[in-house]
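The values are calculated or read from the model by the stated rules, or taken from the named source; none is laboratory data. These numbers come from a predicted model, not from an experiment. Here the Cβ is made from the backbone with ideal geometry for all residues, glycine too, and neighbour counts use every protein chain on show. For accessibility, only protein heavy atoms count, side chains too; no ligands or nucleic acids. Shrake-Rupley method; radii C 1.70, N 1.55, O 1.52, S 1.80 Å.
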Amino acid sequence: MFPELGQFSLILSLFFALSLAVLPLVGYWKGNRLLLETARPLTLIMSMLVLVGFISLCIAFLSDDFSVLYVAQNSNTQLPIWYKVSAVWGSHEGSLLFWVLILCGWCSAVALKIRTLPADVGPIVLAVLGIVCVGFLSFLLFTSSPFVRILPDAPLDGGDLNPLLQDFGLIVHPPVLYMGYVGFSVAFAFAVAALITGNLNASWARWARPWTAASWAFLTLGITLGSWWAYYELGWGGWWFWDPVENASFMPWLSGTALLHSLAVTEKRGVFKSWTVLLAIFTFSLSLLGAFLVRSGVLTSVHSFAADPTRGVFILGLLIVLIGGSLLLYAIRAAQVRSTVSFGLSGREAWLLLNNILLTVLTLTVLLGTLYPLLFDVLGLGKISVGAPYFNAVFSPIALLLMVFMAVGPLSRWHQTSANALLVPCVIAVLVSVSVSAGLVYLLGFGVTAFISLAVAMWVVVLSFYDWFSKVSAGTKGIIPRARQLPRNYYGMLLAHLGMVVTLVGIVLVTVNSEESMLRLSPGDQATVAGYEFRFDRVEQLKGPNYLSSKGQFTAYKEGKQVAVLYPEKRFFTTRQQVMTEAALDAGFTRDLYVSLGERVDEQAWGVRVYVKSFVRWIWLGGLLMMAGGLLAALDKRYRKRARAI
Amino acid sequence: MHPLRRKRLIIIIAILLILSSAVGLVMFALQQNINLFFSPTQIASGEAPQQATIRAGGVVVEGSVKRDPQTLYVSFDVTDYQYSMTIEYLGILPDLFREGQGIVAQGSMMANGVFKATQVLAKHDEEYMAPEVSDALKNAQSKRVTVTESALSY
């Protein structure tokens, strides 16, 4: 019964979404307040109905209702209960429903905060979100309903969840990532609403900023979690693969970062207006493109869902309608929102312009690398793959340049900065960063790339603290009261920038200072990697809830002292007949010990990966700092205060 | 020049400079890092360049996996059911590597006609087959069909 209830409430919610997409716009056009005011209740009802649909699917999973095709394919009576819940979003149909649910969550959040917007803007924003909802709900209902029954021959047991996804990382990674992805549709809705109403002033940017910062923070966390999950779950210790699907989430992040910065300029100075609107559309388009790439199966990826041409065509259609429509609107209206204020080339505007150019270029290079195999194939030039070396070669220099400027931007003043104000700190920072980095590189024997990267990292740290210190030491109040007076927005920025530094240091050290070896070991053997002695003690056979496991035991010693005992596993999932590697980690602030069992090569011996990964945690620690920065910026008092005043 | 125009000019030049250097970087990097895929049939006919990094793949031939008793060195044959080729690899094969399973290897052809792999990929999905591999199989199959058809017509 629940699956039918779910299906029915989804159909009903599509009708509410349709009304939401139409009524407020008609109301705006006719000047009818009553129709405008329908936006809020329509949004809330639509969202409730989607929630009912989602809960119905959860119930189908929890009650092992294998007459539902999607449940039969992705669950099993033996599956532990928390994985039954996360299996709801473990495959295409359910994850799409989950996507819609989160979209509705964002819509409801906007609806609940609607009083903070002018009476004619809020409903239009919701109406645009309604259009997006119509698109995704019809995609869900017409091509990928999770409630399809297989009656009367329902299987007695399900096909089990993909073992790769039976992990804590999967419980948390998709929800957070989707929060980010989908959140950018709010920024998009604000942009389109501004184009429709022609009301694109500084307050527009102020409303859009916290939403953008919040979704950016979620996306940052989602990408970080994804990287962490890949690191320990794929069993070979990589933390970023430049896989098309990773790129699909990374591109909106890059352009979202650009959007965040250009919104700041639009809010503070009233310039870059039409560019900001374009970026909002662009960022949302990249989110949609990501959905298309992941779900249509056009690209080879570890994440691809089962390929289905109709789905691909549907998303492509959705992409064309939404992006084409908004760009058309942009073409018609953008001329009216052109900025009239000018800005100086030495002002902060110029630095942020540079930031935007570099971030856009980065986005485009990733986009090109991701789509290039597709283009090549379509043009009939053969099958190619664009490997990680391409991305590393192109991305790293531009990103480093971006970070160099990232440190200068906050030091500069709006409109105009005197050369002296920048010269002194920059000279200090150059001296400090070059000498410290040179010293480190000399002591540790790293190469040129590491030197440049570490120097950039130091440069950002020095300039950030210089900036903070000059801000708090100005005036007569004393440092602590001044420090507390600085807006959260500012601390958010500081935190996010330092997060970038932490991630950069992690990336550099894990690249140049790690030791990785693939060994052939039998129980009793020893191996030395990066000064750590690893002893392969034994392998035991164990039985898990839905798998059989070969569990190894390794003891790691440093200078004769026992440091850690590691239990890497090889799991054989009986239902899917699939083998999974569970790496064993001893995580540390400056190094990770990583052992994973490869294949059994004969009666006794195993192929074993033994890695000592230097500073790898810093990569994700930086991600967490960036996320915290984003949230702090989103929660700046200013947005709430003004909101109440209106 | 009018100061506003001058400013615009500077901005445009800056954008062009950044863009053109990025384009240069991209072109250079693409040239170095594109890996073309070759099927065993193409390799047998000598289409694949030697010493360049390429990808090759097919279905692992049953019973062809040979391991060195001392190291992690392994060799195996892959086929598109027309031709087969030998791949050598030193390292740990992925979990889904199995005889009868489609795989893609990255590496280069050596002078003795053996493919030396630096990376072996098998996807984490039971029903999955890399599009390259399934296309290569389809092509080889259609050729085989034409061969049998022409054989029948005699």
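For the protein assembly as shown, with only Lys/Arg (+1) and Asp/Glu (-1) charged at the beta-carbon, what is the dipole magnitude about the Cα centre, in debye rounded to 20? Intermediate results must be reported in sequence, preceding the final value.
Numbers: 58 positive and 47 negative charges, 931 e Å.
Roughly 4480 debye for the protein assembly as shown.
Along the Cα-to-C-beta direction of A:Leu542, a point sits 7 Å from the Cα; which residues of segment A:52-91 have their amide N less than 17 Å from that point?
Within reach of a label on A:Leu542, which here means backbone N under 17 Å from a point 7 Å along Cα→Cβ, segment A:52-91 contributes A:80.
What is the distance in Å between the Cα centroid of segment A:544-563 and that of segment A:127-163?
Measuring centre to centre over Cα atoms gives 41 Å.
Order of A:61-72, A:623-634 by packing, highest average Cβ count within 10 Å first?
Details: A:61-72: 21.2, A:623-634: 23.2.
Listed from highest to lowest mean packing, they are A:623-634, A:61-72.
Counting only other residues whose beta carbon sits under 9 Å from that of A:Ala230, what net charge do I get with K and R as +1, D and E as -1? Walk me through the numbers before you get to the answer.
Working: positive: none; negative: A:Glu233, A:Asp243, A:Glu246.
Result for the neighbourhood of A:Ala230: -3.
If you place +1 on the Cβ of every Lys and Arg and -1 on the Cβ of every Asp and Glu, how big does the dipole about the Cα centre of segment A:515-614 come out, in debye to the nearest 20?
Values: 14 positive and 14 negative charges, 55 e Å.
Here the size comes out at about 260 debye.
Figure the gain on full extension for A:Ala109 and A:Phe168 (residue separation times 0.36 nm, minus the Cα-Cα span) and round it to one decimal in nm.
On the way: separation 59, 0.36 × 59 = 21.24 nm, distance 2.74 nm.
Answer, rounded to one decimal: 18.5 nm.
Looking only at other chains, what is the average number of their beta-carbon atoms within 10 angstrom of each beta-carbon in A:384-394? Don't skip to the answer; put the middle values down first.
Details: counts 9, 12, 5, 9, 1, 5, 9, 2, 2, 7, 8.
Across A:384-394, the average partner-chain Cβ count within 10 Å equals 6.
If a/c stays under 1.5 just call it rounded; otherwise compare a/b with b/c (prolate if a/b is bigger, oblate if not). Do that for segment B:26-118, with a ≥ b ≥ c from the square roots of the Cα gyration tensor eigenvalues.
Prolate.
By DSSP, what percent of the beta bridges with both residues in the protein assembly as shown are antiparallel, rounded to the nearest 5? Working shown, then result.
Values: 75 of 81 bridges.
Restricted to the protein assembly as shown, the bridges split so that about 95 percent are antiparallel.
In nm, to one decimal, how far is the B:Glu99 label point from the A:Thr197 one, both placed 7 Å along Cα→Cβ?
So the label points at B:Glu99 and A:Thr197 sit 7.0 nm apart.
Using a 1.4 Å probe and counting only protein heavy atoms, arrange A:Phe16, B:Phe115, A:Phe292 so the residue with the most accessible area comes first.
I get A:Phe16, A:Phe292, B:Phe115, largest accessible area first.
Starting at the first residue of segment A:41-56, write each ³J(HN,Hα) from the Karplus equation 6.51 cos²θ - 1.76 cosθ + 1.60 with θ = phi - 60°, in whole Hz, x for Gly and Pro.
The phi angles translate into x, 4, 4, 5, 5, 3, 5, 4, 5, 5, 4, 4, x, 5, 5, 4 Hz.
Give me Rg over Rh for segment A:1-160, both radii from the alpha carbons and Rh done the Kirkwood way, two decimal places.
Working: Rg = 17.7 Å, Rh = 16.3 Å.
Across segment A:1-160, the Cα-based Rg/Rh ratio is 1.08.
Name the residue farthest towards the positive end of the dipole of the protein assembly as shown from the options A:Leu221, A:Val85, A:Val22, assuming +1 on Cβ of Lys and Arg, -1 on Cβ of Asp and Glu, about the Cα centre.
Towards the positive end, the residue furthest out is A:Val22.
Would you work out what percent of the accessible area of the protein assembly as shown, with all protein chains in place, is carbon or sulfur (probe 1.4 Å)?
65 percent
Is the shape of segment A:515-614 rounded, prolate or oblate, going by the alpha carbon gyration tensor and its root eigenvalues a ≥ b ≥ c, with a/c under 1.5 for rounded and a/b larger than b/c for prolate?
Numbers: a/c = 2.07, a/b = 1.68, b/c = 1.23.
Prolate.
Between segment A:395-455 and segment A:84-108, how many Å separate their Cα centres?
The two parts, judged by their Cα centres, are 43 Å apart.
When the Karplus curve 6.51 cos²θ - 1.76 cosθ + 1.60 is applied with θ = phi - 60°, which whole-Hz ³J(HN,Hα) does each residue of segment A:141-150 get, with x for Gly and Pro?
Karplus values, whole Hz, x for Gly and Pro: 6, 8, 10, 8, 6, x, 9, 4, 8, 10.
Could you pull the accessible area for A:Asp602 with a 1.4 Å probe, rounded to 10 Å²?
A:Asp602 has an accessible surface of roughly 70 Å² with all protein chains in place.
Could you name the lysines whose alpha carbon sits less than 25 Å from that of A:Lys637, not counting residues in the same chain fewer than 8 places away?
Those lysines meeting the cut-off are A:Lys113, A:Lys268, A:Lys273, A:Lys471, A:Lys477.
With a ≥ b ≥ c taken as the square roots of the eigenvalues of the C-alpha gyration tensor of chain A, please select rounded if a/c is under 1.5 and otherwise prolate if a/b is larger than b/c or oblate if it is not?
On the way: a/c = 2.01, a/b = 1.09, b/c = 1.84.
Oblate is the answer for chain A, as a/c is 1.5 or above yet b/c matches or exceeds a/b.
Rank B:Ser84, B:Leu36, A:Leu402 by how far each Cα sits towards the positive end of the charge dipole of the protein assembly as shown (+1 on Lys, Arg Cβ; -1 on Asp, Glu Cβ) and give me just the farthest.
A:Leu402
Work through the residues other than A:Lys570 whose Cβ is under 13 Å from its Cβ and net out their charges, Lys, Arg +1 and Asp, Glu -1.
On the way: positive: A:Lys551, A:Arg571, A:Arg600, A:Arg609; negative: A:Glu540, A:Glu569, A:Glu582, A:Glu599, B:Asp95.
Value of the local net charge: -1.
Would you calculate a helix-derived [θ] at 222 nm for chain A, using -39,500 (n - 2.57) for each DSSP H run of n ≥ 4 and dividing by the full residue count, to the nearest 500?
Working: 20 runs with 413 residues, N = 646.
Per the formula, -22000 deg cm²/dmol.
What total accessible surface area, summed over both chains, is buried at the interface between chains B and A, computed with a 1.4 Å probe and given in Å² to the nearest 100?
3700 Å²
For A:Asn392 and A:Ser517, FRET efficiency with R0 = 30 Å and r from the beta-carbon atoms, rounded to 0.05? Walk me through the intermediate numbers first.
Numbers: r = 22 Å, r/R0 = 0.74.
The computed FRET efficiency comes out at 0.85.
Would you tell me the mean number of C-beta atoms belonging to other protein chains that fall within 10 Å of each C-beta in A:604-611, as a whole number?
On the way: counts 0, 4, 2, 7, 2, 2, 0, 0.
Per residue, the number of nearby Cβ atoms from other chains is 2 on average.
For A:Glu93, A:Glu533, write out the residues from largest to smallest accessible area, computed with a 1.4 angstrom probe and no ligands counted.
Largest to smallest exposure gives the sequence A:Glu533, A:Glu93.
Considering only protein heavy atoms, with the full assembly of protein chains and a 1.4 angstrom probe, order A:Thr143, A:Thr528, A:Thr365, B:Thr71 by accessible area, largest first. Could the numbers behind the result be given before it?
On the way: A:Thr143 35, A:Thr528 90, A:Thr365 10, B:Thr71 60 Å².
Of A:Thr143, A:Thr528, A:Thr365, B:Thr71, the descending order of accessible area is A:Thr528, B:Thr71, A:Thr143, A:Thr365.
Given +1 on the Cβ of Lys and Arg, -1 on the Cβ of Asp and Glu, and no further charges, what dipole in debye does segment B:7-103 carry about its Cα centre, rounded to the nearest 20?
Values: 6 positive and 8 negative charges, 152 e Å.
Charge dipole, segment B:7-103, about its Cα centre: 720 debye, nearest 20.
Give me Rg over Rh for segment B:14-77, both radii from the alpha carbons and Rh done the Kirkwood way, two decimal places.
Numbers: Rg = 19.3 Å, Rh = 15.4 Å.
With Rh from the inverse mean 1/r over Cα pairs, Rg/Rh is 1.25.
Residue by residue through B:21-34, how many Cβ atoms from other chains fall within 10 Å of the Cβ on average? Walk me through the numbers on the way to the answer.
Working: counts 4, 11, 4, 0, 7, 10, 1, 3, 11, 9, 1, 4, 12, 11.
For peptide B:21-34, the averaged partner shielding equals 6.
Between A:Gly159 and residues 5 or more places away or on another chain, which pairs have amide H atoms under 5 Å apart, with H built 1.01 Å from N, and which residues are they?
Placed amide hydrogens put A:Gln73, A:Asn74, A:Ser75 under 5 Å from A:Gly159.
Per residue in segment A:116-164, which ones lose no less than 20 Å² of accessible surface when going from chain alone to all protein chains (1.4 Å probe)?
SASA drop of 20 Å² or more in segment A:116-164: A:Leu164.
Rolling a 1.4 angstrom probe over the protein heavy atoms, how many square angstrom per residue are accessible across the protein assembly as shown? List each step's numbers first, then the result.
Working: 33950 Å² over 800 residues.
For the protein assembly as shown, the per-residue accessible area is 42 Å².
Ranked highest first by the average count of other Cβ atoms within 10 Å around their residues, in what order do A:539-549, B:32-42, A:110-120 fall? Please list the in-between numbers first.
Working: A:539-549: 14.6, B:32-42: 21.4, A:110-120: 16.6.
Packing proxy ranking, top to bottom: B:32-42, A:110-120, A:539-549.
Give the residue from A:Ala584, A:Thr555, A:Phe572 lying farthest towards the positive end of the charge dipole for segment A:515-614; charges sit on Cβ (+1 for Lys and Arg, -1 for Asp and Glu) and the dipole is referred to the Cα centre.
Selected residue: A:Phe572.
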